[in-house]
Amino acid sequence: MSNGVPTASFEQWIEAMKLPEEAVLPQDLEKIKRFTEVVTTESDPQVGQTPKEVIWTKNKSKLYHYAPHAKKTNKVPILFIYALINRSYILDLYPGNSLIEYLVNDGHDVYLLDWGTAGHEDRHMKIDDYIVDYIPRAAKKVLKDSGAKELTIYGYCMGGTMSTIFTSLYNDILPIKNLVLMTSPTDFEDAGLYTNWLNKDTFQLDKMVDTLGNIPFEMIDYGNRLLSPISNSLGTYVGLASRIENDNAVLTWKLMQKWLNDGVPFPGEAYRQWIRDFYQENKLVKGELAVRGQEVKLSNIKANLLNICATRDNIVQPEQIKALNKQVSSKVNTLHEVPTGHVSVCTGRYAQKEIYPFVSKWLKDHSK
């Protein structure tokens, strides 16, 4: 007996599963070998290859300036603001598959504020701290370094929500010409499955933060994967196997797996605030959010707005994004819907052919 199964029966089953040699074609063996190499032994591709230099630091954060590949033709520099989770190199994933590389090559002056990796000592950091103590200083450094009179704030995902709050508070203090957002939620009334999972009557938010300090990346990642559990587990490898002979497809798979599994801890107090004030109490769109005692009014936003909504996004629902356009005071108020998911809005074939050129042209048109 083996685990309750008669040994003889188990051995017969194993024997029955064996395929005759003639049933496995040589090309199939090569595919199996290649698949195994990709999954188990091949090194990760190099990411974030667009040349850059650090021009300012604070705590773990770094402000990068990307070296121009072409003459700068757009006088309004771009400051990218990324989320507090995952790595920012998704914006500069790989040569030919990089939003930042495209913008730099198209004459834009590009900067990126990278939050780095939070340590245990950062567990008390709040969203307020990043918005008041970090982003304004980075913006001033960009203006000084570039010699520009205005700048564009460009936020992705949670970084876009933070950029929205920042612009609301500083639009009359700093010369913010444009606000560009990608898949950035404003209205959390219906956040899909997250609304149920993060319900304040059942989700033990305080116990989690008080116990763990910073929230491990793996906990957030598991939640995201559960949105589509089959496609995010088995489907990932089935997709790879079906395209194992396509070198470009294999490279894309490796790049995405590297990024998806390369997360950072979420600072504890920032996480508590993100879940309670946004997902549970929806304070931002209601006009009830305060940052360091300052009331956040979305109607204070006067900068030209480009709000990019991914219609196939299962992390941020389209209606969470669209709400912002109804609340701002921007004279140029653009909602641009694209048929992508949360990540493919900034990487992949459609992004390269459609989204990168659209964003670049929009910025040029509204930076004169």
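The values are calculated or read from the model by the stated rules, or taken from the named source; none is laboratory data. Note that the structure is a prediction, hence the values are computed from the model and not measured. Cβ sites come from the backbone with ideal geometry, for glycine too, and all protein chains shown count toward neighbours. For accessibility, only protein heavy atoms count, side chains too; no ligands or nucleic acids. Shrake-Rupley method; radii C 1.70, N 1.55, O 1.52, S 1.80 Å.
When Lys126, Lys207 are compared by accessible area at a 1.4 angstrom probe, the order from most to least is Lys207, Lys126.
Among the protein heavy atoms of segment 252-368, carbon and sulfur supply 47% of the accessible surface, probe 1.4 Å, non-protein parts ignored. Of the GluC sites (Glu not before Pro) in segment 115-189, the ones in a loop by DSSP (not H, G, I, E or B) with at most 13 other beta carbons within 10 Å are Glu189. When all protein chains stay in place and ligands, DNA and RNA are ignored, the 1.4 Å accessible-area order of Ser231, Ser43, largest first, is Ser43, Ser231. Counted over segment 52-365, the DSSP beta bridges are approximately 35% antiparallel. Each Lys and Arg Cβ is given +1 and each Asp and Glu Cβ -1; about its Cα centre, segment 137-231 then shows a dipole of about 580 debye. Note on segment 52-365: with charges restricted to the Cβ of Lys and Arg (+1) and Asp and Glu (-1), its dipole about the Cα centre is near 880 debye. Lys/Arg Cβ at +1, Asp/Glu Cβ at -1, dipole of the chain taken about the Cα centre: which of Thr183, Phe266, Pro136 is farthest positive-ward? Result: Pro136.
Between their Cα atoms, which of Lys141/Lys326; Lys71/Lys144; Lys286/Lys353; Lys141/Lys286; Lys75/Lys140 are more than 26 Å away from each other? As for pairs spanning more than 26 Å Cα to Cα, those are Lys141/Lys326; Lys286/Lys353; Lys141/Lys286. Any idea what angle helix 356-365 forms with the longest principal axis of the chain, computed on alpha-carbon atoms, 0 to 90 degrees, nearest 10? Rounded to the nearest ten degrees, it is 0. Between amide H atoms placed 1.01 Å from N, distances below 5 Å from Asn333 occur with Leu305, all of them 5 or more places distant or on a separate chain. At an R0 of 30 angstrom, the distance between the Cβ atoms of Ser233 and Lys60 translates into a FRET efficiency of 0.40. Can you give me the angle between helix 7-17 and the longest principal axis of the chain, using Cα atoms only, in degrees from 0 to 90, rounded to the nearest 10? So the inclination is approximately 70 degrees. The angle between the Cα long axis of helix 158-170 and the longest principal axis of the Cα atoms of the chain comes to about 0 degrees, rounded to the nearest 10. Taking 0.36 nm per residue of separation and subtracting the current Cα-Cα distance, fully stretching the chain between His124 and Asp145 would add 4.5 nm. Computed from the alpha carbon positions, the gyration tensor of the chain leads to an equivalent ellipsoid with semi-axes of 40, 26, 19 Å, biggest first. For segment 153-309, the gyration tensor built on C-alpha atoms gives an oblate shape. Its axis ratio a/c (a ≥ b ≥ c) is at least 1.5, and a/b is not larger than b/c.
With R₀ set to 35 Å, the beta-carbon distance separating Phe358 from Asp172 gives a calculated FRET efficiency near 0.75.
What the chain shows is 48 Å² of accessible area per residue, with the surface traced by a 1.4 Å probe over protein heavy atoms. Taking 0.36 nm per residue of separation and subtracting the Cα-Cα distance, full extension of the segment from Thr334 to Asp262 would add 22.6 nm.
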